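Right, one structure below, let's go through it.
What follows is calculated from the coordinates using simple rules that are stated; it is not laboratory data. Values in this document were obtained by computation on a predicted structure and should not be read as measured data. Please note: Cβ atoms are built from the backbone with ideal geometry, for glycine as well, and neighbour counts cover all protein chains shown.
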Amino acid sequence: MILIMEGHDKAGKTTIAEALSKQISYPIFKDPRRKQIIKHNDTSAAVQAGLLLANFMHCTKPDIILDRFYPSEIVYSQVLNRKTNIWDLWKTDRIMANTEARIILCYKSNIKQKDEIHNIEILKQVKDKYFEFANKTKCNTLMLDTTDEGINAQIQKILDWIYKDYNSKLVKFLFGDKEKDGEENGI
């Protein structure tokens with residue numbers, strides 16, 4: 001299963017990814033060059049690399065947690081008016097949806113802390129754009145309010161969400177889709 005941790009800066013993505021990794025024994029991938037790429041304001045190579053990575057994961061179906069991925073570029077490029085290849089980013093979204101990747105979108109309902117690059121107003125705009133993204137993505141998305149910073153409760157919410165979806169698919173696999181069967185039989 002591919003889990004993508006997303007959200008505005010200072011939302012707790014990395015902390016939650018590390019705790020979740022310990023719980024489910026998935027490795028975490030975080031691109032160490034991300035901030036350097038963003039500072040140079042040229043993300044074209046990163047977008048292409050992301051598309052390649054999405055295709056690779058579609059073929060290999062790894063169990064992994066990604067600490068940021070293509071949704072960050074979709075959102076931040078809009079807020080910062082940065083030129084990007086939006087077509088390839090949404091193509092990446094379709095590939096990840098077909099891979100059954102899941103996005104955990106972390107946010108704080110009341111942003112009070114800026115980061116080393118962006119002020120609070122920018123982070124609020126980023127949060128709003130993430131909410132828009134959540135309505136457009138083809139991937140299954142969990143909106144995780146991290147305002148209370150209760151890591152154990154947050155991890156439990158993620159696990160419940162993952163297993164609920166998994167159990168639903170297992171039941172359909174084992175017993176078929178009863179609603180569809182009923183329609184076919186005129187019920």
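Here are a few things to note about the model shown:
- Applying a DSSP loop filter and a limit of 11 other Cβ atoms within 10 Å to the trypsin sites (Lys or Arg not before Pro) in the range 103-141 leaves Lys112.
- Here the 3J(HN,Hα) profile of the range 123-140, calculated from phi with Karplus coefficients 6.51, -1.76 and 1.60 at θ = phi - 60°, is 4, 5, 5, 4, 4, 4, 5, 5, 5, 4, 4, 4, 7, 9, 4, 8, 7, 5 Hz, Gly and Pro shown as x.
- Summing charges over neighbours of Trp90, with a neighbour being any other residue whose Cβ is under 10 Å away from its Cβ, gives +2 when K and R count +1 and D and E count -1.
- Amide hydrogen neighbours beyond the local backbone of Leu66, cut-off 5 Å, H modeled: Leu3, Ile4, Met5, Phe29
- Proximity of backbone amide H atoms, modeled 1.01 Å from N, is registered between Leu144 and Leu105, Cys106, Tyr107 at under 5 Å, excluding neighbours fewer than 5 places apart on the same chain.
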